[in-house]
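Before any comments, here is the structure.
Just so it is clear, none of the values below were taken in a lab; they were calculated from the coordinates. What you are looking at is a predicted structure, and each value in this text was computed from that prediction instead of being measured. Neighbour counts are summed over all protein chains in view; Cβ atoms, including those assigned to glycine, are modelled from backbone coordinates with ideal geometry.
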Amino acid sequence: MLLRGQYLRLNTKKIFTCLYRPYVKTNIYFDTGLIHRLGVNPEFFPTPESENRLIIFNGRNSVYWTTFASKYLVDLNALYGGAQCISLYRYTNNGRVENVTEWALNQFQKQYKDKSIGKEDIFYYVYSVLHHPAYRVKYEINLKREFPRIPFYEDFWKWAEWGKRLMDLHINFETMPPYPLERMDLIAEETRKALSPRLLARKEAGVIEVDTFTTLKGVPEEAWEYRLGTYSALEWVLERYKEKKPKDPTIAEKFNTYRFKDYKEQVIDLLGRVCAVSVETMKIVREMGEVE
């Protein structure tokens, strides 16, 4: 239940010291000799070994709004309309500092009458609120036009816990145990079919057609519900690994070397992990939905 009169009071611009649009196109070549505008990225990842966490959401005037997390530098075009990011830490000449402002810390401690609330707790609280179904529906238009504003919900620690669980899931998805999907393989010698990539989702049947020989079955319905914009997380994986012929004839002739068959096993493993993350994410989101 919302605390009366407190909704939409805290703008994320005031909660976090830096709300920025990353200009870096890659995390491999991160140098002023190659990149014209580094933005404030060096404050968040000054070295390849720097540790940080980011909350990412669309830029303003986007067709859709979504949010996810990262522990790496983010491409400007990671999301439609440009990726906006807020970080857990900043790196200064005096070392690493938490990025939540003192003003925001005072606001939260005063609102909840709890001096034990810390800046990292606020960071996770924000991440959980941005996943709240009712919040997204009610302020769908606002989220596309302006920076998110954060309400004071009852039971701060419950929301901070949800946010921590969500972020751990989303940034550590590569280490998540794969969901036990049933794999069905045809024997090439026993069929006349030629190997051809498909990467098709049959949501109603809970099936993913990997190629003409391999099918994954038993995808739970809730796995399709975790969406990153217009696609579910699983559909994003399927879409990104499809073979596509570039329109430019020179690129198509000389640089179109990607073949799905070379990455098939890695993609199947990734689908299992993303499926597991999607299921666990929706469990937490449903817990949020039970709150009035």
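With θ taken as phi - 60° and the coefficients 6.51, -1.76 and 1.60, list the Karplus ³J(HN,Hα) couplings across region 102-118 in order, rounded to whole Hz; mark glycine and proline as x.
So the J values, rounded to whole Hz, are 5, 4, 5, 4, 5, 4, 5, 5, 5, 4, 9, 6, 9, 6, 7, 5, x.
Run through region 228-278 and list the GluC sites (Glu not before Pro) located in a DSSP loop whose Cβ has at most 15 other Cβ atoms within 10 Å. Don't skip to the end; give the middle numbers.
Values: sites: E235, E239, E243, E253, E265; in loops: E243.
Those that pass, being in a loop and sparsely packed, are E243.
Any lysines with Cα under 19 Å of the K144 Cα? List them, leaving off those in the same chain fewer than 8 positions away.
K13, K14
Just to verify a number: FRET efficiency for K138 and D269, C-beta to C-beta distance, R0 = 22 Å, to 0.05?
Numbers: r = 38 Å, r/R0 = 1.73.
Approximately 0.05, to the nearest 0.05.
What's the center-to-center distance, using Cα atoms, between region 128-168 and region 257-282 in Å?
Here the two parts' Cα centres lie 28 Å apart.
Any of K119/K164; K71/K115; K193/K254; K113/K164; K193/K261 with alpha carbons more than 24 Å apart? Name them for me. Working shown, then result.
Values: K119/K164 13 Å; K71/K115 28 Å; K193/K254 29 Å; K113/K164 21 Å; K193/K261 15 Å.
K71/K115; K193/K254, as the Cα separations exceed 24 Å there.
How long is the gain from A205 to L76 if the chain were fully straight, where each residue apart is worth 0.36 nm and the alpha carbon distance is subtracted? Before the final figure, lay out each step's value.
Working: separation 129, 0.36 × 129 = 46.44 nm, distance 3.59 nm.
Stretched fully, the A205-L76 segment lengthens by 42.8 nm.
How much length is gained if the chain between E49 and V291 is pulled fully straight, taking 0.36 nm per residue apart and subtracting their Cα-Cα distance, in nm to one decimal? Walk me through the numbers before you get to the answer.
Working: separation 242, 0.36 × 242 = 87.12 nm, distance 3.93 nm.
The span from E49 to V291 would gain 83.2 nm if fully extended.
Within region 185-224, list the GluC sites (Glu not before Pro) lying in a DSSP loop whose Cβ has at most 13 other Cβ atoms in a 10 Å radius.
Taking region 185-224 and a limit of 13 other Cβ atoms within 10 Å, the loop GluC sites (Glu not before Pro) found are E204.
Could you tell me whether region 182-289 comes out rounded, prolate or oblate from its Cα gyration tensor? Rule is a ≥ b ≥ c as square roots of the eigenvalues, rounded for a/c under 1.5, then prolate if a/b exceeds b/c, otherwise oblate.
Values: a/c = 2.80, a/b = 1.44, b/c = 1.94.
Because a/c hits 1.5 or more and a/b fails to exceed b/c, region 182-289 counts as oblate.
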